[in-house]
Every structure is written in C-alpha cells, then in structure tokens.
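**Student:** The following block contains the structure, expressed as structure tokens.
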There are 4 protein chains.
Amino acid sequence: MGGIASAVGTLLVQGPHHKGFVSSLAQLLASAGATVVDSSHHAEAGMFFQRIRFDASYLERDLEPGLEALARRHDMRWRIAPPDRVKRVAILVSKQEHCLYDLLLRHRAGELACAVELVISNHPDLAPIAEHFGVPFHHLPITAATKPMQEAALLRLLDDIDLVVLARYMQILSPELVARFPERIINIHHSFLPAFVGASPYRQAHERGVKVIGATSHYVTAELDQGPIIDQDTIRCTHRDSVEDLVRKGRDLEKRVLAAAVRWHVDDRVLSHGGKTVVFD
Amino acid sequence: MGGIASAVGTLLVQGPHHKGFVSSLAQLLASAGATVVDSSHHAEAGMFFQRIRFDASYLERDLEPGLEALARRHDMRWRIAPPDRVKRVAILVSKQEHCLYDLLLRHRAGELACAVELVISNHPDLAPIAEHFGVPFHHLPITAATKPMQEAALLRLLDDIDLVVLARYMQILSPELVARFPERIINIHHSFLPAFVGASPYRQAHERGVKVIGATSHYVTAELDQGPIIDQDTIRCTHRDSVEDLVRKGRDLEKRVLAAAVRWHVDDRVLSHGGKTVVFD
Amino acid sequence: MGGIASAVGTLLVQGPHHKGFVSSLAQLLASAGATVVDSSHHAEAGMFFQRIRFDASYLERDLEPGLEALARRHDMRWRIAPPDRVKRVAILVSKQEHCLYDLLLRHRAGELACAVELVISNHPDLAPIAEHFGVPFHHLPITAATKPMQEAALLRLLDDIDLVVLARYMQILSPELVARFPERIINIHHSFLPAFVGASPYRQAHERGVKVIGATSHYVTAELDQGPIIDQDTIRCTHRDSVEDLVRKGRDLEKRVLAAAVRWHVDDRVLSHGGKTVVFD
Amino acid sequence: MGGIASAVGTLLVQGPHHKGFVSSLAQLLASAGATVVDSSHHAEAGMFFQRIRFDASYLERDLEPGLEALARRHDMRWRIAPPDRVKRVAILVSKQEHCLYDLLLRHRAGELACAVELVISNHPDLAPIAEHFGVPFHHLPITAATKPMQEAALLRLLDDIDLVVLARYMQILSPELVARFPERIINIHHSFLPAFVGASPYRQAHERGVKVIGATSHYVTAELDQGPIIDQDTIRCTHRDSVEDLVRKGRDLEKRVLAAAVRWHVDDRVLSHGGKTVVFD
C-alpha cells in the first residue's frame, strides 16, 4: 500500500467491540500519514463495524502490518480497497433484458464504480445488448446433464472476477460455486423476502392479494433466497393490477434494488455478519 | 329506501360478468329517479365488481325489488348503504394505546364516517383514553378457562355492531365468533403479510435483517393472518434500527394502515372475493 | 366506428355535470350494442369526467351520431379511441440518454401501447440508440438564428404524429408549435413543480438543502413549466447527496414519471381541465 | 463534565476541514478516558461535521479544556450534550390538535428523549389535551395591538427552555424573539418547501393540480419559511382528492415530519450550516 500515488482508499473492519479500538485505529491511520476523509461506525450486540475512507496520496508507511497487529489483538477482520483498482464484475443473465440494460446504462453513466468485464448467459438472446455496450458476451448453455461442465466453464471465466451479479439469471448455482465467492455474488429476487420465496413470486403475490409488492437484492449463500439482504424496496399495487402489471411494476423495483446493491458493494459499503448486512450509505 | 330525505346512498354489487349488466343497472337506477354521483367498476377473471354512489334525495320508487330481480337474473350479490345510517363500530384493544388514540382522533377529526359505540379490552389500562373521548369502555378479562364466557359477554356487547376493529387486540377470536361477523372484523397485523405471520413480527424482521418493514390490515377469517388484505404499507429500515426502532417505526405504519382500512370499510369501498379485496378508493 | 372487427375502444367525455347524463350514456352504448368493460367517473366543481372502455367487436350501429347529439344537449366534449389504431409518437431529445433508453425499452417490453415513429434531436449524439432500437432518427440542429426554420422542419416531421414526448429536450418550443399540439406534448421537468421552475433544478434543490427531490411530467403549454401536471414522484435525499447524487437519483425519477405520463396518455386515461388533469389509473 | 456517573454523552463539532483533525479528536477523547460508542462524519465544501457518542461513565478528566484548545486551533464550533440532562421543550399551538397530540403521545411512548415542560397557545381550545397528559398549559391571547406584550410574556415562559416547537402555531414570531433561539425553534410547514410558501398551502396545491403533497419541518429564521430544512416527506394525491382530502392526508405527513425533526434535535443529531442542515440519522 505504501507509495500509492493518489486518491482515496477504503478500510473496512469488523469484530468484537473493544474499548479503545476506535482510537487505536485512528492513531494507526494518523501515524501512517493517512487523513480520514469520511468515517462510519456501527455497534450492535457486542460487535462493531467501521468504514473509513482515507486520503492515501501521501502514506508515509504501509498500513497493513499495523492493521494486522491490531486485528490479532482485537480478533477483528479487515480489508482495504486500494484507490487504484476498481472491482471486476461479471453479469450473469438468462433471457430477461431489463436488469442487464439497467446495469450497463448505469455503468456508462458513471453510477457504478467498477469494470464490467463480461456478460455470461445460458441463452444467446442478450448477446446484442452486450455487444451494443462493448462488453464481451459468453454463451454457456446448461442442462441438468451438463451443469457440472457448464459450471466448470463458468468458473474459468470468473477466474479474476471480484463480483458476480445474477441479473435475473434463472439458474441455481451449485453450493461449490457459491462457496468460491463468499459475499461476492449478488442476486435479485423479485419479491419482498422472506415473503414469496422460490418461483413465480409475482403470481404468488397476485394470488394472495397483497397491496404492496417488493424486490430484494442479497448475497447468495447455499440456501435459496436466504442470504444476507442488501437492499429492498416496495411499490403499492391494487386489485386492478394483473400479474402482468405486477411484473411491469416489479421490473422497476428489480432494477433499482439490484443496482443499489451493486453500487454499495463496489463502493465497499457493505459488511456482512450473522446473515445480515451493515450498509454504510 | 323510497322516501329517503337527502344525501347520497352507496350500492355495491358483485357477481359473474354478464354482457349488458352495467346498462341494466344504470337503467334501473335512472328509472327509480336515482342520479349517479360516482361509479367505479372492476372486472377480473369472469367476475365484476361495482360501486355506485347515487343521489337518493328524490327516489321515485324503491330500488330494492329491482335490484333483487336483477340479482336473481345475474347471480349477483348486492348491498345498499343508505345515506341516513352510519356504521356502528366497536374497537377491541389490549394494552397498547397507539391505534386506539389514532382511531379516536381521526374519528373526532371527521376522517371516519362512523359511530364509535364502544371500546372493549381484556385489560383495564386504556379505560382513561375511552373516557377522554367520551366512549363507553368495557373491561372483559380473559383466561384460557374463561374464554368461552368472555366471548359470550363480548357477543352481547357486539349485538348491534356493524364493524369490529381489532386495534392491537392480542387475543385470537374463536372461529364461532369470527363466523358471526363475516367481512366485518378488521385486524392490524404488524408485518408485511405473508411475511412474518404470528407472534413478534418485528423481532422476526430484525433477525432476518430486512431493509423494509410493513403492516397489514385485513378482514379476520378462521385462519390466523390469512384473511383478505385491505391495505398494506412499508417503511425503510437499516442495520442501525434495533427491534425497538422497528416497533417505533411500525407504530406509524400500523396506525395509517388500520385507519385506511376502517375508513374504506365504513365508506363501503371494500368488496371481498376469493380471499382478496377490491378497494374502490 | 360501425363494423370494427374486435377488441376494446375507449370513450372519454367531459362537461358540465347534468343529472341523468350517466344513464343516457349507458343507454346509448347499450343500444349500439357496446358492452361496457370498464368505467370510471369523476365529478368535481360542477364538471364531470368519464372514461368508458367498451367491447367494440359487435357494434350494431355507429356510436358517433348518438354521442354528437348527447354532446350538443349536454355541452360536453368527447373523443373515442378506436381499438384498431395505436397512437403515433415522436420523441425529442438533446444529449441525455436515460429517458430515451427508458422509453424505448419500455416500448419494446410492451409497456407503452403506441408506435414510436421517430426520434428527433438538435444533436447527433443519440442517433446510435435510435438505430439500436430500429427507430428513424432525425438530426435538426438549432441556433437562435435558425430556430424558425428548425421548427418548420420539425413540424413537417410531426405531420401525422399524435403525441410529442420531450424526453429531456433542452429547447423551449415556440408558442405557435405548442398551439398545434394542445394536450399532445408531454415534458419531463426534473423537479417537484412548482418548486424549482426553470434551469438547473437539482442545483437549486441542493442549494436550498431540501430533504426530498422530485420530478414532474406535464402537458406543455405556452407558459414554461406551468402546464397541467400528469404525474409526479419524489425520493428522499440527505446532506450527503452532492448535486451529482441528486442528478443520479433524479434520473430514476424522471424515467418513471415520464413513462407513466406517456403510458396513461396513450391508454387514453388523461383528461385535462382548468390547468389540471384527471388521470383514470 | 468530569465525574459524570453514567451513560452516553454526545459531542457535536463543525468547522473548516483540517487534515489530522479527526485523529486529534479521537486522541483527545481517548486520553480523557472516553470510549467512542458511535461516530458519524460528514465533509462538504471544505467543511466537516462530526457527531460522536461516547461512554462518559469513567471520564478520567474533563473534556472541555481540550476541546476548547482544539477548537481555537481549528476554528471549529463544538457543543457537548451531557448524558444527565434532557432538553426542556415548549410546544406552541393554536387550535389544531393533531400535532400536539402526536408529540405528547410519542413523548409518552418514549420516542422523544426530552421533557415537555409546557404548552402555550393563543387560544384556550387545546387546554384539555395538555391537562390529559399532565403538562402545564398557558393561554396567551394575541392581537396586533398586544403582540409585543404577548411576546414578552412568552419570553418569560420560555426562560429556561431549550427547544421551542411550533406545532401548527399560526402566529409569526417577531425577529427579536427568533433571534433569542437560534436553531432552537422548529416549525412545521404544511407544504413541500420551497413550493407553496405562506398561507393555505393545501389550497394552493389543489389549485395547481399537483400529484404529490408534502410537509417540511425547519428551523425558524427571520425570513418566513426560509429556515434550514430538517425533514420533509410527501404523499401521492390524485384528482379525486379535494382540499379537505389534502388536509387529511397532510395531517399524517405533518405529524411524522415534525416528530422526526424534534426527535433528531433532542438527540443532538442536527447541525446547521449555510442555511442547510446535516442530520446524522
């Protein structure tokens, strides 16, 4: 980290709440020459979570050894997002285009501080969209029989990827693949979890006669639709809304809620603990 | 109905969708001398639902025989809310005051076009509130052993009541009592149903780490928290919200969502079919 | 109108509130063989507004003469949207792409029941987007000196257009052009009107320190930002939001609010009276 | 401050952004024996704002001299809210009861960490409400002629008051009185400022035909409705909403938005700078 030329780094820490930890960390940063730009702090149930953005232009010495020592002493986890490297993102899709377009448009508008490295799909349909935005597209068809091979191919493509975004990818990833990307796979589920887990949530919502529908972005874990929730939003509906209307209204929610999760993740704003997230927004 | 002196009556009809029904109904109203003030119509899955408000000041003849004939021909249900009779409402509470205050304040402000006849509770705590608003208060304590007797007493108090509002009444009514008031008991559940059915929904929500909480008002049926939903609303929450914060935020939701359901019900805006509601707002 | 092969027509009427009008209209439709599918009604300040969707498959006779007679008798305005003709839409843009993409994507998804005939811009920048969606693009540059000529060219392109959508078109149309399309030009203004009229509303909002920002879609009239409002929506913001954050958050609002207005207009859900709109949603 | 027995103090600081300030402050707190419980930080346009909650149970030495020295060096403002003193609040009302009830109910529910010392009104109407909650009520009638005397009486009543809440108090305070309570008078305005400044905002909103209405809580300054905004919220409305409906919907907004401002203020979450607020929520 020493010698970084410019701009702002982000430090995330989490661990058991110890008296004096905040000032130890502040002193460590100060003695390394890092000026704090921005700092957020959360404490809950004996745990603390902190996000510090610091000017890394003139670091007098490396932060990592000091952090490592502090972490050992306080039993904490930490990671630094250096200012000179944006996260490399892969987007997985099936046939629905709205989330893919939305992410690529937001990326082009500068809303997502990451590099979209590739789009991968089990169907060829969305290739023209990737092409329109100049992003490589990979078609990896999948059947029950070929799933292991498809996932092996997928893993090769994801080799140096920091974040996998399931933008209405209608396949369930194997536990093995999920385990390779802890807190690094984001999914959008088209309901207000924990309501309407599984398939056809808009149909389920219509049958139940709800007056609000929702969407949920979450980290993917081995259990379907049970991972830590990053963002949720809802919209009112009425008896006049058919399933198709719910699908239409839901698309807007899905786009916003998925994009928020991706933006917060690539900005290193999300920490996860005990099946829940802390989002420093 | 003939001879009503003034003001506006409301007609609600529902039944299988028949060609020509709308114009038959319009002609029936016209020939009785009723001027339509306002009309809403909904059709779905072979059913239609209509709400007509009409000037009942100068009805030349009674509407009821004509409606009855039309209903037999078209297999429809109908009811008329005459302009000269407001619904009589009973509010059931336990120890929490926020929904009771809210309903009584809205009633006093003219938001709820009904008569609040009495407040009933299994605890004495909220008696001073009823007294403050000049509403009779009845204390009907309940234990597992005395439940049948308590419900018998309750039924006597509800004898000429049109609508029962469970404003955080923490008791489950017996199926027999529920059957006496079909689509005439409204409950507030402090979650976004169908998520977090049953006890302690805010605690459940906190444990799951949701980013939105909700409240649901619904007609009470024999199955717990499964009745037709009348209104729902949600509010964002974050990792900073403790269970107590969710309870606090939720109180605002509960008040609004329950009051909306009561207002729509007493204004004859709600029809129910197949476990869902049509709300003509 | 007689002899229309299939599907649903829409009738919009507005005028002074006359006793018996609703049933006259119902009888007229019935006698022409039109079955009412859906009907909404609004009365306010001595005016009534009605939208009726009717099955036009088996019209026994033309509705227009009867409507014309009724209109003369009741001093009302009416229009019929026949089922076999979708509105022809032109989208005008400058350099910002988000609303254009959004409209074209929603159109492709079937959310907007119209034909997007052409995209017109005073800059060439967005031509590739129109091309990507297969819509003709016309570049009509404009300067203070060439404005009359540009508008003449514009008018020729708009010759058979039913609706003009200003999707962040940064030019002010001349009163003459506006007068040619009464209630047929929709603009998106990036503030909660009447707050922050004119230029740079997000900058104005940031300077005032508001905690909510908004967007407004409205019909264009001769007075800048004063036309009848069709839709508005808002989103919370905080002290942490820079002008750029407001612009980002606002883009989402602008897209939704403009798309809603276009959808309602092309579905013949919007009536205008006294500088305000009635939206039958 | 030395010797405080228990609980959590709050430190608010604001000033020009200086390198190293954050760590100076952290060291100062650490050396006094204060453990940071919670910390928020905001920087904008060369200014920084920070809120630190610290465990003040075992302060080894007084914080104030160190803060004073730091403040002189960095040209910053600071204030400490000691853990053992809640703010003393006066509520001013006229004839409308909804905000008064709401504040008193929230206070009783523990939502507002302050002491409601007295209710003051230019009308006697709401005295029974104050009495119901056991809060002293003072009736100070006002006419154009008696305004100076009334304000003199008002000032005497406000002698040891920390926060004045104008809960639909329909009088304009004199600049002299306002100057006595800088950033310590909170008003609720029943519109989305800066739209609809001044009288009858709901009527203005209805005439303009807006599709969203709002409410704004703000610090009172000498200029009417121009003070720093603390909170705003909005609700959708339609053509069906009469002025009375807007008033009804608005009451809910007013209550929430005023209560949020009071809660944040008494929790020392609000800093003001350049006509805007920083709210550490």
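**Student:** Mind checking whether some residue in the range A:16-32 is in contact with a Pro (Cβ under 9 Å, 6 or more places away or on another chain) and either facing chain D (nearest Cβ under 10 Å) or buried (at least 16 other Cβ atoms within 10 Å of the Cβ) (or both)?
**Tutor:** There is no residue in the range A:16-32 that is in contact with a Pro (Cβ under 9 Å, 6 or more places away or on another chain) and either facing chain D (nearest Cβ under 10 Å) or buried (at least 16 other Cβ atoms within 10 Å of the Cβ) (or both).
**Student:** Do we have residue D:258 as more than 9 Å from every other protein chain (Cβ to nearest Cβ) and more than 13 Å from the chain's Cα centre (by Cα) here?
**Tutor:** In short, no.
**Student:** Scan the range B:240-266 for residues that are surrounded by 19 or more Cβ atoms within 10 Å (Cβ to Cβ) and modelled with pLDDT under 95 and jot them down.
**Tutor:** None - no residue of the range B:240-266 is surrounded by 19 or more Cβ atoms within 10 Å (Cβ to Cβ) and modelled with pLDDT under 95, so the list stays empty.
**Student:** Same structure again: What number of residues within the range B:10-43 are in a strand (DSSP E or B) and either closer than 21 Å to residue C:25 by Cα or at pLDDT below 85 (or both)?
**Tutor:** Residues in the range B:10-43 being in a strand (DSSP E or B) and either closer than 21 Å to residue C:25 by Cα or at pLDDT below 85 (or both): 13 in total.
**Student:** Check off (1) without any contact (Cβ under 8 Å) to a residue 40 or more places away in the chain; (2) not assigned by TED's automatic domain parsing to the domain that holds residue C:172 for residue C:71 and give me the number that stays unchecked.
**Tutor:** Of everything listed in (1) without any contact (Cβ under 8 Å) to a residue 40 or more places away in the chain; (2) not assigned by TED's automatic domain parsing to the domain that holds residue C:172, residue C:71 misses just condition (1).
**Student:** Here's something else I'd like to know. Residues of the range A:112-127 being more than 20 Å from residue A:184 (Cβ to Cβ) and either of a type in the set (Asp, Glu) or within 14 Å of chain C (Cβ to nearest Cβ) (or both), which ones?
**Tutor:** Matches in the range A:112-127: A:125, A:126, A:127.
**Student:** Now for a different question. Would you check if residue A:180 is more than 9 Å from chain B (Cβ to nearest Cβ), surrounded by fewer than 19 Cβ atoms within 10 Å (Cβ to Cβ) and within 30 Å of residue A:144 (Cα to Cα)?
**Tutor:** Judged against the criteria, residue A:180 is a match.
**Student:** Considering (1) over 27 Å from residue C:219 (Cα atoms); (2) part of a loop (DSSP other than H, G, I, E, B); (3) out of contact with any strand residue (DSSP E or B) (no Cβ under 8 Å at 6 or more places or on another chain), say which one residue D:227 fails and leave the rest.
**Tutor:** In the conditions (1) over 27 Å from residue C:219 (Cα atoms); (2) part of a loop (DSSP other than H, G, I, E, B); (3) out of contact with any strand residue (DSSP E or B) (no Cβ under 8 Å at 6 or more places or on another chain), residue D:227 misses (3) alone.
**Student:** Here is a further query. Using beta carbons and a limit of 6 Å, which pairs, at least six apart or on different chains, have the first residue in the range A:264-281 and closer than 17 Å to residue A:13 by Cβ and at the interface with chain B (Cβ under 8 Å from one of its Cβ atoms) and the second one modelled with pLDDT of 95 or more and assigned to a strand (DSSP E or B)?
**Tutor:** That search, which allows pairs on different chains as well, returns A:277/A:230; A:277/A:270; A:278/A:271; A:279/A:270.
**Student:** Continuing with the same structure: Examine the range D:77-85 for a residue that is at pLDDT below 80 and exposed (fewer than 14 other Cβ atoms within 10 Å of the Cβ), and state whether such a residue exists.
**Tutor:** Within the range D:77-85, one or more residues are at pLDDT below 80 and exposed (fewer than 14 other Cβ atoms within 10 Å of the Cβ).
**Student:** So residue A:50 passes all but one of these: (1) at the interface with another protein chain (Cβ under 9 Å from one of its Cβ atoms); (2) outside any strand (DSSP E or B); (3) modelled with pLDDT of 90 or more. Which condition number does it fail?
**Tutor:** It is condition (2) that residue A:50 fails.
Conditions (1) charged (D, E, K, R); (2) buried (at least 22 other Cβ atoms within 10 Å of the Cβ); (3) at pLDDT below 95; (4) out of contact with any Phe, Trp or Tyr (no Cβ under 9 Å at 6 or more places or on another chain), marked per residue:
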residue	(1), (2), (3), (4)
C:204	no, no, no, no
C:210	no, yes, no, no
C:215	no, yes, no, no
C:220	no, yes, no, no
C:223	yes, no, yes, yes
C:235	no, no, no, yes
C:238	no, no, no, yes
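**Student:** Also, I was wondering about something else. If you scan the range A:157-194, which residues turn out to be aliphatic (A, V, I, L, M) and over 23 Å from residue A:269 (Cβ atoms)?
**Tutor:** A:157, A:170, A:172, A:173, A:177, A:179
**Student:** Just wondering, is there one or more residues in the range A:53-68 that are modelled with pLDDT of 95 or more, surrounded by 15 or more Cβ atoms within 10 Å (Cβ to Cβ) and hydroxyl-bearing (Ser, Thr, Tyr)?
**Tutor:** No, the range A:53-68 contains no residue that is modelled with pLDDT of 95 or more, surrounded by 15 or more Cβ atoms within 10 Å (Cβ to Cβ) and hydroxyl-bearing (Ser, Thr, Tyr).
**Student:** Exactly one condition in (1) surrounded by 22 or more Cβ atoms within 10 Å (Cβ to Cβ); (2) within 9 Å of chain C (Cβ to nearest Cβ) is false for residue D:188; which is it?
**Tutor:** If we test residue D:188 against (1) surrounded by 22 or more Cβ atoms within 10 Å (Cβ to Cβ); (2) within 9 Å of chain C (Cβ to nearest Cβ), just (2) comes out false.
The values are calculated or read from the model by the stated rules, or taken from the named source; none is laboratory data. All of these numbers come straight from a predicted model, not from anything done at the bench. Don't worry about glycine lacking a Cβ; one is built from the backbone with ideal geometry, like all the others, and counts go over all protein chains shown.
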